[in-house]
Amino acid sequence: MNYKLWRKDLYFAISMICISLYLMMKSFSYPADSSFFPRILSILLLALSLIILLKILRRRIEGGLLKKHKEQTSIEKFGMEKHKSRNGSIWKKPVIIVFLSLILYVGITPLIGFFMASILFMFVFLLLNGVRNWLVLLVISIVPATILYFAFSIFFHILFPTGYLIECWLG
Amino acid sequence: MIENIFYGLTSALQPGILLVVFIGVLLGMIVGTLPGLTSTLGVAILVPLTFVMRPEAGLAMLGGMYCASTYSGAISAILIGIPGTPANCATLLDGQAMTKKGEANQALVLATIASCIGGLISIIPLLFIAPALAQVSLKFGSFEYFLLAIFGISIIASLAEESLEKGLISGIIGLFLAIVGMHPLTGFLRFTYGRTSLFDGVPVIVGMVGLYSIPEIISLISKKKKINSHLIPINFSARITFQEVIQGIKEVYRQKWNVFRSSIIGTIVGIIPGAGCSIGGFVAYDQAKRFSKEPEKFGTGWAEGIIASESGNNATPAGTLIPLLTLGVPGNAVSAVFLGALIIHGLRPGADLFAGSANIMYTFIMSLFLGNLFFVPIGLIICSYGLKMLLIPRAILASLVGLLAIMGSFTIRANMEDVLIMLAVGLIGYAMVRNDVPRAPAVLGLVLGTMAESELARSFSIVRGDYWIFITKLITRPICLILLTLTVFSILQGIQSRQKKAKRNMNKNLS
């Protein structure tokens, strides 16, 4: 475990303990013969989270050995600057973008159909990520969605939802 | 027998068969590379197209699709970090690490060559000793399946590079995702929160696409630079050169025991009905790690890992065909579709298949050799184009990956709610990546969870809830004993290697 980020691991351990308690509560509320597996797993989860917590606390008590070795942690993976506090909220901008775009996508598909929703999704997603070149926006929104849509519907015979408004328009 | 093999060979080398195998491989490459589309879907789509063909041509095309789709998922696993099919999850562990080191070309070449050799090796048992091997598949009952699932889960311990606890937590997350839905025997709904789309549980593909694509999309749009410049080494050529191919072949030859062992493992896993290509790849990877002289390098972009995983998962298709062709018992979902194809073409699967239609069968098996060979040049060409994807600006790549993920997860059940399930699992995956929790154990848990729970429930109902008889059966049935021994060895060796690593770290710090 990375000693510089012990706080992150601490929050992780505490959240896992809460999650495992919630899962335990739910598993034990199900009848016994249908919940053998979830019960055992939630107990194991609790045990593992407690072990992680104890390991962290033990290392802190043993005198905060701040090792200087650098490991490839998720800081490098997500490319954020090292001086930024890693204890930031999990609700960072990219997460919100992805979360909202997908929810809106699923919400709007019943209205305008899968095809139009895909094009709209690509358009909005590119805009939200700072793409401003109109040609790129148009081409990337329309071309891949069209190719994939027709490849999937013609070749794989998959019926995509058409959307209420489109159906009204088509009569 | 030898005449049959020669007949099959000459028959398979006809232009008609060559053409359909080529088409099958080409389509299989597309199906495999797109995350969310699996071999099962690809083969199922092709079956109607084979109506108009002769049986051996139809089967040859399906075989080409099967082999190619199991391989080509490695391309998307290596390049964009999303496995194209569950079989390639283990390839992702080292493949993506190699891409991050700027060695994407090598990774792709290794995956291609290893898949080809692994597939070729696995056809030998199919050709010569299939009937004997198939008898083993009949001996698998609920107890054996339960222990097989437990053995698979014990592999999680070796997939967790750093923190064993985090690896186990990841495995448990995967198992919980598999538990969602109806209990296999009682039908009681767990963790569905009233949503009908969760009644059947989280589909494996949706979970896998979510776990890997959402964090990848978030990662792609988080970085400030426009292009993946850190992935491109100084002399990056978005082409695979002949030189690199030769190097790859040499590397695979250097690791011939790895390839051989992984292929055998893949074939054996395929013979077991219910265990598919993903488990074949994982077990091969795990065993390669145990037998390796440098196990700590696995996961950092180490050729052994990619070679083991790819030869393992490409050896599984032939393994799954062994019980299918000799007994009519499909080894996994894809071979179940093959079963349908055999029936449609008027062939009778079962003990008489080879007796009654030896010509067709031997032609088909020989065409599998062709299938495994064809995807090498086609694959390398597609890889060259795929490498250009690393040059696409991040935002555009992220949106394309997003579109593929959406379409892939929708396609499984033609249900828009699966996209939401994918998003939910994806956010869990993102939380996992941020906390350095590995995701491969979660995929393994998701794949094996259903089997573990249902076979446990079934075994208990066989012994009518009597714990002692249950344990007795686990210890006395021969295959159970083998699996139990393997599991115990696996766990003990895992603990031992961790102790060795801890001791080595301690010595390093003290010196």
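Observations
- Other residues lying with their Cβ under 15 Å from the Cβ of A:Leu41 contribute a combined charge of +1, Lys and Arg counting +1, Asp and Glu -1.
- Rg over Rh, two decimals, the range B:293-444 (C-alpha only, Kirkwood Rh): 1.05
- Principal semi-axes in Å for chain B [√(5λ), Cα gyration tensor, largest first]: 32, 29, 24
- The mean number of partner chain beta-carbon atoms within 10 angstrom of a residue's beta-carbon across peptide A:40-48 is 4.
- The convex hull defined by the C-alpha atoms of the range A:3-68 has an orientation-averaged projected area of 4.5 nm².
- Once both labels are positioned 7 Å from their Cα atoms along Cα-to-Cβ, the gap between A:Leu104 and A:Ala47 label points is 4.7 nm.
- Kirkwood hydrodynamic radius computed over the protein assembly as shown comes to 25.8 Å, based on all pairs of distinct alpha carbons.
- Counting, for every residue in B:408-415, the Cβ atoms of other protein chains within 10 Å of its Cβ and taking the mean gives 2.
- Sites B:Ala355 and A:Ala151, calculated FRET efficiency, Cβ-Cβ separation with R0 56 Å, nearest 0.05: 0.85
- Look at the dipole of the protein assembly as shown built from charges on Cβ: of B:Gly8, B:Ser122, B:Ile169, the Cα furthest out on the positive end belongs to B:Ile169.
- The stretch between B:Arg254 and B:Ile124, if pulled fully straight at 0.36 nm per residue, gains 44.7 nm over its current Cα-Cα span.
- Charge-dipole axis of the range B:149-228 as Lys and Arg at +1 and Asp and Glu at -1 on Cβ define it, positive-most pick from B:Gly194, B:Ile214, B:Pro184: B:Ile214
- Backbone N within the range B:415-437 under 18 Å of label point (7 Å from A:Ser29 Cα along the Cβ vector): none
- Nearest-20 debye value, the protein assembly as shown charge dipole, Cβ charges on Lys, Arg, Asp, Glu: 2800
- Every Cα-Cα pair of the range A:93-170 was included, and the share exceeding 21 Å stands at 33 percent.
- A:Ile142/B:Arg348 FRET efficiency (R0 41 Å; Cβ-Cβ; nearest 0.05): 0.25
- Cα centroid of the range B:8-52 to Cα centroid of the range B:297-340, whole Å: 17
- For the listed residue pairs B:Lys166/B:Lys289; A:Lys93/B:Lys297; B:Lys100/B:Lys289; B:Lys297/B:Lys503; A:Lys8/B:Lys508, the alpha carbons are over 23 angstrom apart in A:Lys93/B:Lys297; A:Lys8/B:Lys508.
- Neighbouring partner chain Cβ atoms per residue of A:97-109, average, 10 Å criterion: 5
Taken together, the values in this text are just the output of simple stated rules run on the coordinates, not laboratory data. What you see is a predicted model; the values in this text were computed from it and never measured. Note: ideal-geometry Cβ built from the backbone for every residue, glycine included; neighbour counts use all protein chains shown.
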